[in-house]
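Values quoted throughout were computed directly from the atomic coordinates according to the rules given, and no laboratory measurement underlies them. Keep in mind that what you see is a predicted model, and the values were worked out from it rather than measured. Note: ideal-geometry Cβ built from the backbone for every residue, glycine included; neighbour counts use all protein chains shown.
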Ligand code: OGA
Ligand code: MN
């Protein structure tokens, strides 16, 4: 396994690993440790069946189930994200967020496998939320330390890729999470930022909450804390939703884009990332 760090101390490219063949325990632990340390891991040149993708993810934690179960269009818990499916899951730009932060038990790791990639655009960008926390100016740090925020699946002004059914909506009322969280394995703090979902910070009036959120987002997305992934078919990317947020850049709707996606929760023995 060869590792190359791609951004300022985060996002690692891991070569020499074939994810369709389960690595032995030592290799697997090395891979997991590198992923957690660098928050985003890229495994190029993969060729995986749905079952192989699931087998890899399930070794990292219990497989994630999306609240919108209709999105699981592949084998069992694999989601097919394409701009050619009737469901049109993937349409152009997707703003900064962390996955499923609007649920009581958000997914820990998301695994995305690139199959068809537009020639231009459609990059996935990651912002390092541990570095964001570490470098917060005192003025902002004082405003987030010990604070909580409301995370909503349907924040006004942010349209979902696939709208919720009434039944799904009932299952996920807005939730409160701490705005600063401690990494379950590493003990490192990170800002739990998800601008697409945070509808209120602390007791702030809406306008002040939005202003603070914009300031935090601006700090988090400075170029030195962002890694932009330009996809090559066969790339598998895995990210840690407690430590990074991500977004997708716009791409030409005339081009095909197709990914397979799964994810995993924290193992029950480590179920409290707060
Ligand atoms: C996701 C996601 C970004 C992309 O799968 O959670 O945000 O680039 N994907 O498609
Ligand atoms: Mn996402």
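Placing a label point 7 Å from the Cα of residue 76 along the Cα-to-Cβ direction, the residues of segment 100-121 whose backbone N falls under 18 Å from that point are 108-113. Cα convex hull, the chain: 126 Å³ per residue, rounded to a whole number. Using the rule -39500 (n - 2.57) for each DSSP H run of four or more residues, divided by the residues of the chain, the 222 nm mean residue ellipticity is -6500 deg cm²/dmol. Name the shape class, rounded, prolate or oblate, that the alpha-carbon gyration tensor gives for segment 192-274, where a ≥ b ≥ c are the square roots of its eigenvalues, rounded holds for a/c under 1.5, and otherwise prolate holds if a/b is larger than b/c and oblate otherwise. Oblate, because a/c is 1.5 or more while a/b does not exceed b/c. Using a Gaussian network model of the chain in which every pair of alpha carbons under 10 angstrom is joined by a spring, one finds that among 111, 40, 17 the greatest mean-square fluctuation is at 17.
Site pair residue 218 and residue 63 shows an inter-label distance of 4.4 nm when each label is modelled 7 Å from Cα along Cα→Cβ. The stretch between residue 85 and residue 28 holds 17.1 nm of extra length on full extension. This uses 0.36 nm per residue minus the Cα-Cα distance. Fewest-first ordering of 6, 238, 81 by other beta carbons within 10 Å of each residue's beta carbon gives 6, 81, 238.
By the count of neighbouring beta-carbon atoms within 10 Å, fewest first, 252, 203 end up ordered 203, 252.
Among 169, 188, the order by Cβ neighbours within 10 angstrom, fewest to most, reads 169, 188. Peptides 239-250, 176-187, 154-165 ordered by packing proxy, namely the average of other Cβ atoms within 10 Å per residue, highest first: 239-250, 176-187, 154-165.
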